[in-house]
Amino acid sequence: MLKNNFKYSKTIRNWLLVGLIMLIGQVILGGITRLTGSGLSITRWDIITGVIPPLNPEQWLKAFELYKETPQFHKLNSTFTIREFKFIYFWEYFHRLWVRSLGFIFLIPFIFFVVKKQLDFYLIKRLGLVILLTVLTASAGWIMVQSGLVNRPWVNAYKLTIHFILAVLVITAMVKTVADVYRFKSLKTVVSNKIILITLGITFIQLIFAGLMSGMKAGLYYPSWPDMNGEFIPSVLLSSSNWNWNNFINYDTYLFAPAFIQFTHRMLAYILVFLTIYMYFKLKDKIEITSKKWLNFTFVLVVVQVVLGIFTVLNVHGKIPLFLGVTHQLVGLLYFMSLLFLHYSLRKKV
């Protein structure tokens, strides 16, 4: 929390907003990369030379030959042509290029603002945390990719979830920074933040399950709603013998783990709808206009998110529909961010 009256310029404020938008874009590109099966198309992580993609037929052939050594090619994409390879290469390349661009847009202005003494120590610390979490996210991303280059044709679901949650933590840290720089606070007597904090906590847990849903491809197993293939609770979850660690580890060999993840994901969604509606009617007449805008956003976004989730499940035909899947991820992230901004807008002090 800010402890002085340091004034940040409009340029710095806009710079931070651009950074936040780019972080959101990075998560969405990650979703596109995942849903198009592009994440394993580039088998090396060359931080500097990786900026330049293949530029001639010989370089493309070399990149394709490297991809042919992966389990994904042998087990899933053995009929791929060079043209199809270029499509998945593009999304993974764009995903990595966006990360590099984000670092570039952050690092150079950051150094400039520090030299010009336009940042106080608080903001330097906050942005240092954002940078640290970003580095950890990138490192976890490469560890995730490595897990899909040995034996299995896709990345490990748990490592994918760690990568995703680290990205969420980066955005969380950036939202806090933006809220502080813009000095979000309430001038009224602050209402209890308890319901917001509870909703935030459950939303964070839901994001973890969203990562597991994605990594385990759990949405493919029960493409129906409101039931799950004719059952409210999948029968595989009702047998005590299935509740063992092995079924969670080997999630791609038996139905139990995907069923558990999707069922829990649905139940958490229902809980969040209830909490958001309750929060809306509890707070709407007690808060200021700025906070009320964030409250309205959360209400609208949770409704849109549930509808998107239902349509995504109902339109699964052997794979997750790209547009619906990515939009579902985006709206879920925006819902989480709106809760954070609502929370910070109700503070007494900044």
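On the basis of being farther than 18 Å from Leu149 by Cα, touching a helix residue (DSSP H, G or I) at 6+ places or on another chain (Cβ under 7 Å), part of a helix (DSSP H, G or I) and among the aliphatic types (A, V, I, L, M), does Leu107 make the cut? It is false that Leu107 is farther than 18 Å from Leu149 by Cα, touching a helix residue (DSSP H, G or I) at 6+ places or on another chain (Cβ under 7 Å), part of a helix (DSSP H, G or I) and among the aliphatic types (A, V, I, L, M). Residues that are basic (Lys, Arg), buried (at least 17 other Cβ atoms within 10 Å of the Cβ), over 17 Å from the mean Cα position of the chain (by Cα) and outside any helix (DSSP H, G or I) do not occur anywhere in the stretch 150-163.
Which fully enclosed helices (runs of 4 or more DSSP H) of the stretch 1-100 have 1 or more residues being open to solvent by 70 Å² or more (accessible area, probe 1.4 Å) and within 28 Å of Met337 (Cβ to Cβ)? Walk me through it before giving the result.
On the way: elements: 10-35, 57-67, 71-75.
Once the helices (runs of 4 or more DSSP H) in the stretch 1-100 are filtered for at least 1 residues that are open to solvent by 70 Å² or more (accessible area, probe 1.4 Å) and within 28 Å of Met337 (Cβ to Cβ), what remains is 10-35.
Of the residues Leu133, Leu129, the single one that is assigned to a helix (DSSP H, G or I), modelled with pLDDT of 90 or more and open to solvent by less than 50 Å² (accessible area, probe 1.4 Å) is Leu133.
What about Ile198, is it open to solvent by 70 Å² or more (accessible area, probe 1.4 Å), under 25 Å from the mean Cα position of the chain (by Cα) and in contact (Cβ under 8 Å) with a residue 24 or more places away in the chain?
Values: open to solvent by 70 Å² or more (accessible area, probe 1.4 Å): yes; under 25 Å from the mean Cα position of the chain (by Cα): yes; in contact (Cβ under 8 Å) with a residue 24 or more places away in the chain: yes.
Yes: the conditions hold for Ile198.
Of all residues in the stretch 207-247, those satisfying the criterion of being aromatic (Phe, Trp, Tyr) and buried (at least 17 other Cβ atoms within 10 Å of the Cβ) are Phe209, Tyr221, Tyr222. Checking each residue in the stretch 70-87 for being farther than 13 Å from Ser38 by Cα and without any contact (Cβ under 8 Å) to a residue 60 or more places away in the chain picks out Ser78, Thr79, Thr81, Ile82, Arg83. Among the listed residues Ala179, Ala218, identify the single one that is over 17 Å from Trp294 (Cα atoms) and among the small types (Gly, Ala, Ser). Among Ala179, Ala218, only Ala218 is over 17 Å from Trp294 (Cα atoms) and among the small types (Gly, Ala, Ser). In the stretch 106-120, is there at least one residue being under 23 Å from the mean Cα position of the chain (by Cα) and under 16 Å from Met22 (Cα atoms)? Yes, the conditions are met somewhere in the stretch 106-120.
Is it the case that Phe260 is open to solvent by 40 Å² or more (accessible area, probe 1.4 Å), free of Cβ contacts under 8 Å to residues at least 60 places away in the same chain and in contact with a helix residue (DSSP H, G or I) (Cβ under 7 Å, 6 or more places away or on another chain)?
Working: open to solvent by 40 Å² or more (accessible area, probe 1.4 Å): yes; free of Cβ contacts under 8 Å to residues at least 60 places away in the same chain: yes; in contact with a helix residue (DSSP H, G or I) (Cβ under 7 Å, 6 or more places away or on another chain): yes.
Here the answer is yes, as Phe260 does meet what is asked.
Among the residues making up the stretch 278-301, those that are open to solvent by 70 Å² or more (accessible area, probe 1.4 Å) and either hydrophobic (A, V, I, L, M, F, W, C) or not in a helix (DSSP H, G or I) (or both) are Phe281, Asp285, Lys286, Ile289, Phe297, Val300. Scanning the stretch 302-344 for residues that are surrounded by 21 or more Cβ atoms within 10 Å (Cβ to Cβ) and not in a helix (DSSP H, G or I) gives a single hit, Ile320. All conditions in (1) open to solvent by 30 Å² or more (accessible area, probe 1.4 Å); (2) under 24 Å from the mean Cα position of the chain (by Cα) hold for Leu255, with the sole exception of (2).
For Val114, the requirement of being within 15 Å of Gly30 (Cβ to Cβ) and either open to solvent by less than 70 Å² (accessible area, probe 1.4 Å) or part of a loop (DSSP other than H, G, I, E, B) (or both) is not met.
The values are calculated or read from the model by the stated rules, or taken from the named source; none is laboratory data. Since we're looking at a predicted model, the values are computed, not measured. Ideal geometry is used to build each Cβ from the backbone, glycine not excepted, and the neighbour counts take in all protein chains shown. For the accessible areas, the whole protein counts, side chains as well, though only heavy atoms, and no ligand, DNA or RNA atoms are used. Shrake-Rupley method; radii C 1.70, N 1.55, O 1.52, S 1.80 Å.
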